[in-house]
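What follows is a short report on a single structure.
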Amino acid sequence: MEGQARVGSIDALEAFRAALIRYTERAKRALDDVTGEVKRTRGWLETEQRQKWENEYRRRARALEQAEQELFSARMSSMKNDKSAQQMAVKKARRALLEAEQKLAVIKRWRQAYDARVEALSKQLEGLHDTLSRQMPKGVVSLTNSIRLLQDYAEAMSPPKPAATEPERSDP
């Protein structure tokens with residue numbers, strides 16, 4: 001018959017449906033993990049690292065101020081005393097402060113670059129999340145309906161089972 005469908009294996013469709021469900025759940029978990037890591041990294045850059053280096057900058061600025069004050073005091077107290085230790089302390093404190101400034105500038109660049117690079121990728125993740133949350137369940141429902149229809153069709157097209165005949169009763 002030309003108008004008749006040939007159903008080979010409904011079990012293969014059922015196995016595919018089960019695999020699709022497993023894949024969807026695993027992909028959602030992985031996507032949630034990635035999204036969480038993106039947020040944690042942004043927080044690390046915007047909060048932890050920025051605060052750390054801002055605090056370090058303030059601490060080093062106070063250390064420079066103190067070293068400069070000690071150098072000034074050494075100059076005022078006596079012109080004959082060797083002031084090289086205080087001068088070296090001031091230079092060291094300036095280098096440390098400069099390093100903190102550079103770290104803050106690097107963190108600022110990282111935050112800007114992170115947002116620029118990650119924003120486009122985040123949009124793609126949102127599309128994938130939509131597919132996994134909305135489209136895949138629709139696909140699973142469609143497969144379920146198709147399987148049910150194929151099972152009904154296969155049952156309708158199978159040869160009828162012979163009815164069990166009851167033994168004839170003889171009336172006494």
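The values are calculated or read from the model by the stated rules, or taken from the named source; none is laboratory data. Values in this document were obtained by computation on a predicted structure and should not be read as measured data. Here Cβ is always computed from backbone atoms with ideal geometry, including for glycine, and neighbour counts include all displayed protein chains.
Given the condition at pLDDT 85 or above, of a type in the set (Ser, Thr, Tyr), within 30 Å of Gln49 (Cα to Cα) and surrounded by 10 or more Cβ atoms within 10 Å (Cβ to Cβ), answer yes or no: does some residue in the range 114-121 qualify? Looking for residues that are at pLDDT 85 or above, of a type in the set (Ser, Thr, Tyr), within 30 Å of Gln49 (Cα to Cα) and surrounded by 10 or more Cβ atoms within 10 Å (Cβ to Cβ), one finds at least one in the range 114-121, hence yes.
Listed here are the residues, each with its yes/no results for (1) closer than 17 Å to Gln102 by Cα; (2) surrounded by 12 or more Cβ atoms within 10 Å (Cβ to Cβ); (3) touching a residue at least 40 places away in the same chain (Cβ under 8 Å); (4) of a type in the set (Lys, Arg).
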{"residue": "Arg50", "(1), (2), (3), (4)": "yes, yes, yes, yes"}
{"residue": "Trp53", "(1), (2), (3), (4)": "yes, yes, yes, no"}
{"residue": "Arg60", "(1), (2), (3), (4)": "yes, yes, yes, yes"}
{"residue": "Leu64", "(1), (2), (3), (4)": "yes, yes, no, no"}
{"residue": "Gln69", "(1), (2), (3), (4)": "no, yes, no, no"}
{"residue": "Ala74", "(1), (2), (3), (4)": "no, yes, no, no"}
{"residue": "Ser77", "(1), (2), (3), (4)": "no, no, no, no"}
{"residue": "Ser84", "(1), (2), (3), (4)": "no, no, no, no"}
{"residue": "Ala89", "(1), (2), (3), (4)": "no, yes, no, no"}
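Restricting attention to the range 83-113, the residues that are under 28 Å from Arg42 (Cβ atoms) and in contact with a Leu (Cβ under 6 Å, 6 or more places away or on another chain) add up to 3. Of the residues screened, Ala105 is not one that is touching an Asp or Glu at 6+ places or on another chain (Cβ under 8 Å) and in a helix (DSSP H, G or I).
Among the residues here, Ala74 qualifies as over 23 Å from Asn145 (Cα atoms), modelled with pLDDT under 85, small (Gly, Ala, Ser) and not in a loop (DSSP other than H, G, I, E, B). Can we say Arg62 is part of a helix (DSSP H, G or I) and closer than 25 Å to Val118 by Cα? Spelling it out, it is not the case that Arg62 is part of a helix (DSSP H, G or I) and closer than 25 Å to Val118 by Cα.
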